[in-house]
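Before any comments, here is the structure.
The values are calculated or read from the model by the stated rules, or taken from the named source; none is laboratory data. Note that the coordinates shown come from a computational prediction; the quantities given were computed from them, not determined experimentally. A quick note on method: Cβ atoms are made from the backbone with ideal geometry, for glycine too, and the neighbour counts reach across all protein chains shown. Surface areas here come from the heavy atoms of the whole protein model, side chains and all, with no ligands, DNA or RNA. Shrake-Rupley method; radii C 1.70, N 1.55, O 1.52, S 1.80 Å.
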Amino acid sequence: YLNKLGYKTTGADLSKESIQYANQFSNADLDFLVHDMRAPLPNKSFNYVFNLFTSIGYFEDLTDNQKMLDSIDSYTKPNGTLVIDFMNALKTIKNLVKSEIKTVDGIDFNITREVIDGFITKTIKFSDHGENFEFQEKVQALTLTDFENYLNQTNFSIIKVAGDYNLGNFDVENSNRLIIFAKK
């Protein structure tokens, strides 16, 4: 979308498969690369950096959040802007559906959710053709205060906090999203 608006754009993801898929859309002003966001990007610098759709908070080691933001700091140009889009963890926890069963194509998926050691954890169990499967997803329940603490250790300053994709004000009780705009 940014590229269609006329911006020279680089997309990065840790998944080789995602980048292979994205490469079909490459052009002279749109490129993609496999990259671990905790590491600097040599020979690259950007006016705008976007971390969208709760793409942070999956690290086991909590210090990796700071490494990621330090890395972003290293390749954001002076006066550059960082946008972080994250779930509103406090509202998510307050409204957590602890247990449910979803049936898809005749398979019952038993889904449980809980907060364990600061992580929102979702466990999915199901059986298919006599074989049992179990998968777990977990993301850190990061709050605005957490992000403020991380960003205070970088060259970024928060300039706006929004609570939805229409950029309405953030309300910790009611907003679905935590969208942070920070300027270097």
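Of a type outside the set (S, T, N, Q), in contact (Cβ under 8 Å) with a residue 60 or more places away in the chain and either touching a Leu at 6+ places or on another chain (Cβ under 7 Å) or in a strand (DSSP E or B) (or both): which single residue out of 111, 84 fits that description?
Working: 111 fails: in contact (Cβ under 8 Å) with a residue 60 or more places away in the chain.
Result of the check over 111, 84: 84.
Hey, any hits in segment 93-108 for a residue that's surrounded by 13 or more Cβ atoms within 10 Å (Cβ to Cβ) and among the hydroxyl-bearing types (Ser, Thr, Tyr)? Scanning segment 93-108, I find no residue that is surrounded by 13 or more Cβ atoms within 10 Å (Cβ to Cβ) and among the hydroxyl-bearing types (Ser, Thr, Tyr), so the answer is no. For residue 54, indicate whether it is open to solvent by less than 60 Å² (accessible area, probe 1.4 Å), outside any strand (DSSP E or B), modelled with pLDDT of 95 or more and of a type in the set (Val, Ile, Thr). Judged against the criteria, residue 54 is not a match. Take residue 76 and tell me if it is touching a strand residue (DSSP E or B) at 6+ places or on another chain (Cβ under 7 Å) and closer than 19 Å to residue 55 by Cα. Yes, satisfied.
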